[in-house]
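Only one structure is covered here, and it is reproduced in the block below.
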Amino acid sequence: MRSDPTTYDVLVIGAGPAGVTAATVLARHGVNVLVIERHEGTSPLPKATSVTTRTMELLRTWGLEQRVRAGAIRARPVLSVSHTLVDSHQVDAPFGYPTDEAALAVSPTTPCYCSQDHLEPVLLEHLRSSGGQVRFSTELIGFTADATGVDATLRDCAPGNATGHAERIRARYLIGADGPRSTVRTGAGIDLEDLGSVGEYVAVTFRTDLTRRLPRLPAVLNLVEIAGAEGLFMPTSTDDKWIYGRERHPERGEALEDWTPQRCTELIRAGTGLPELRPEILAIMPFVMSGQVAAALRAGRIFLVGDAAHQTTPVGGAGMNIAIHGAHNLGWKLSWVLRGWAGAALLDSYEAERRPIGTQNVLRTLRRKIEFEGDELAWDIGTHYTSAVIVPWPGPEPGPGQRAPHAWVRHGGSRVSTLDLFDGRLTVLTGARGEPWRRAVAELAADGLPIVALSDERELRDEDGAFAQHYRLGAEGAALVRPDGYLAWRHSGAEPDPRAALRSAVELALGWADAPAT
C-alpha cells in the first residue's frame, strides 16, 4: 500500500444514478471527484424503468434529453389489468405519472419510459466528459473521518485479481451512494429506520419474442390476474426484454430454491397466455417490498444519497428519481462550498430539504397500491423545501422553496424554458424596471460570485404573458433562483435599498447568514 494517499475533493462510493448524478454536478463545477463502484460496470439489469418529468428537466439542462429518449420504451403510460397479457379485454388505470399533456402544461418536457440499464451509460459518459473520474471493480474496505476530511482505503476487486491491491485515498468529503446496505452509512454510525414492508417478491428478467404477439401496445405496467400466475409484466427495452414480478410466500413454505428457470418459464407462459413462448431467463432476483430511511443524511464530512439515504418500494416508480433529485441537491451545494462561493452552513440544508421528501415518498409507496390518482405531478415537481437557507414568504405562490415555474420565453434569439436558464449559477429575475436590481447583481458578480440578472423586456421576451403570470414580479419586483432551479427569495415591488436587500438574500441562500433577509 502506498504511504502517501491520493487526494480528491470528493470521493463517491457507488456509480448508480444517485452517485453519478452527484459526481456530475461536482465535476461540472470544476470539483476534483472520484467515483468508485465494486461492480465491473453499469447495471446489466433494467431495474427502474420510469424517468419522471422533474428528472427529465434536470437531464435537459445537461443536454441529455434526446440521448435518454433514444432508449425510450414504446408503451402506454398506464396500468393495464387483464386476465392474461394477450387477453383483448383490458382495463386501464393511472399509475402515478402524468399524461404528456398534463406535464407540458407545467414543464418543457415529459416523462420518459426507459430502463436504468439504458440511462446509466448515458449518465456515465456525461460524467466522464465533464471531467469526473470513475473506477469500476473497486470497493471501499474502510475509512476514517476527521475535522478536515476522510481517509479511505480502496481495493481492486476485479475478477481474477488475486492480489487485491489496496490504495489510500484522502478526500475532503465522502458521499455514500452505495445502496440500501450502505457500507458508508454503517461506517459513519448512522442508524436505519425501518418504515415497514408489504411482502416479499421475485423479479424475473427475461427476453423473448413477445411484443408483436400482443393485441395492442403494452402498458408501462401490465397486471395479469390468471390464477396461479398473478403478477406484473413490465416492458424494459426496445428489444423485448421484460420483467415479470410476482409475490413470494415464505409463510406457505415457498422457498427461493423453488424459483428455478423452469418454473419461471412456466409462470411467464401462463401469465402471458402464450404456452409456446420460449423466454430466455436473464436474472431471478428476490426482494422485499419495504421502505427505510437513514436517521440522518450527514455525519460531519460524510453524506448519504440514493438508497443509502432512503429506499422506497418500486410502487409508482419513485425511487430512482427521488435519488437523482436528492443527489442533485447535494451536488450543487457541495460544489459551491468547495469553490468558496457558499458557507459551510449551506451543507446543513441538504438534510433539512431532502430527508423529509425522502421519508414522505417512502411512506407514500408503502401505503399505496399500484394505482395512483391525483398526485401525478405533486410528488415530482410540487415538492416544497423548508430550510434555513430559504427566506420565508407570506405572499402568494410561487414562493421560496418551490421549483421555479416553467414559462416559455425568448432568450438569446431562441425560444427556451425559464428552467433552462438556471444551471450552474444564481439567477436574479426582474420585472421590466429592474435596473436597480441589475446594478446590485453586477456588484455581487464583480466579487467573483456566479450570478446573473435576467430582466423581462431585456434578456427575456415574455411573448405570451406566461412569465408575468407565473412569476408575478410586476415591473419592479425580483426573485432569486438557485442553481437547482428552486426559488430562494422573492421581493414584490420597489425596494429602497436593492443592494442591501439582494446581498442579504444571497448571503442567506448560500449559508453565509444566520437570519432571514428582510
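The values are calculated or read from the model by the stated rules, or taken from the named source; none is laboratory data. Just so it is clear, the structure is predicted and the values come from calculations on it, not from any experiment. Note that we place each Cβ from the backbone using ideal geometry, even for glycine, and neighbour counts take in every protein chain shown. Surface areas here come from the heavy atoms of the whole protein model, side chains and all, with no ligands, DNA or RNA. Shrake-Rupley method; radii C 1.70, N 1.55, O 1.52, S 1.80 Å.
Rounded to the nearest whole Å², what accessible area per residue is found for the chain with the 1.4 Å probe?
Details: 20940 Å² over 518 residues.
Per residue, the chain has 40 Å² of solvent-accessible surface.
Charges on Cβ only, +1 for Lys and Arg, -1 for Asp and Glu, centred on the Cα centroid of segment 39-97; of S80, T52, L64, which one is farthest towards the dipole's positive end?
L64
Could you run the Karplus curve 6.51 cos²θ - 1.76 cosθ + 1.60 with θ = phi - 60° over segment 295-312 and give me ³J(HN,Hα) per residue in whole Hz, x for Gly and Pro?
5, 8, 9, 8, 9, x, 9, 10, 10, 10, 9, x, 5, 5, 9, 7, 10, 8
How large is the translational diffusion coefficient of the chain in µm² per second when you combine the Kirkwood radius over alpha carbon pairs with Stokes-Einstein at 4 °C and 1.567 mPa s?
On the way: Rh = 24.4 Å.
For the chosen part, D equals 53 µm²/s.
To the nearest 20 Debye, how big is the dipole of segment 301-415 about its Cα centre, given +1 on the beta carbon of each Lys and Arg and -1 on that of each Asp and Glu? Kindly include the intermediate steps, with their values, before the conclusion.
Numbers: 12 positive and 10 negative charges, 62 e Å.
Taking the Cα centre of segment 301-415 as origin, the dipole is about 300 debye.
Along the Cα-to-C-beta direction of H39, a point sits 7 Å from the Cα; which residues of segment 122-148 have their amide N less than 19 Å from that point?
Within reach of a label on H39: 122-128, 133-141.
Take the Cα of A442, step 7 Å along the line toward its Cβ, and report every residue of segment 452-490 whose backbone nitrogen sits under 19 Å from that point.
452-460, 476-479
Among the GluC sites (Glu not before Pro) within segment 456-502, which fall in a DSSP loop and have no more than 14 other Cβ atoms within 10 Å of their own Cβ?
Values: sites: E457, E459, E463, E476; in loops: E457, E459, E463, E476.
Loop-located and lightly packed - E457, E463.
In whole Å, largest first, what are the principal axis extents of the Cα atoms in segment 34-171?
The principal-axis extents, from largest down, are 59, 36, 27 Å.
What is the packing order of peptides 256-269, 287-300, taking the mean over residues of other C-beta atoms within 10 Å and listing the highest first? Working shown, then result.
Values: 256-269: 14.9, 287-300: 18.7.
With the highest mean Cβ count within 10 Å placed first, the list reads 287-300, 256-269.
Using 7 Å Cα-to-Cβ label points, what is the E397/S237 separation (nm, one decimal)?
4.1 nm
Evaluate the charge dipole of segment 405-518 about its Cα centre and quote only its size in Debye, nearest 20, assuming +1 on the Cβ of each Lys and Arg and -1 on the Cβ of each Asp and Glu. Intermediate values should be presented prior to the final figure.
Numbers: 13 positive and 17 negative charges, 19 e Å.
Taking the Cα centre of segment 405-518 as origin, the dipole is about 100 debye.
In the chain, which whole DSSP H runs stretch at least 24 Å along their own axis (Cα) and average 0.0 or higher on the Kyte-Doolittle scale?
319-338
For the chain, build the charge dipole from Cβ charges (+1 Lys, Arg; -1 Asp, Glu) around the Cα centre, then report which of P98, L274, W341 sits farthest towards its positive end.
Of the options given, the answer is W341.
Just to make sure I understand: if all protein chains stay in place, what is the order of D9, D464 by accessible area at 1.4 Å, largest first?
Ranked from most to least accessible, the order is D464, D9.
Treat segment 409-465 as a sphere of radius equal to its Kirkwood radius over Cα pairs and apply Stokes-Einstein at 20 °C in a medium of 1.002 mPa s; give the translational diffusion coefficient in µm²/s, rounded to a whole number. Working shown, then result.
On the way: Rh = 11.8 Å.
For the chosen part, D equals 181 µm²/s.
If I compute solvent accessible area with a 1.4 Å probe over the protein chains, what percent of it on the chain is carbon and sulfur? Walk me through the numbers before you get to the answer.
On the way: 10360 of 20940 Å².
Heavy-atom surface of the chain belonging to carbon and sulfur, 1.4 Å probe: 49 percent.
Suppose R0 equals 51 Å. What FRET efficiency, 1/(1 + (r/R0)^6) with r the Cβ-Cβ distance, do D146 and E254 give to the nearest 0.05? Working shown, then result.
Numbers: r = 49 Å, r/R0 = 0.96.
It comes to 0.55.
Rounded to the nearest 20 Debye, what is the dipole magnitude of the chain about its Cα centre when Lys and Arg each give +1 and Asp and Glu each give -1 at the C-beta? It would help to have the intermediate numbers written out before the result.
On the way: 53 positive and 63 negative charges, 146 e Å.
In total the dipole reaches around 700 debye.
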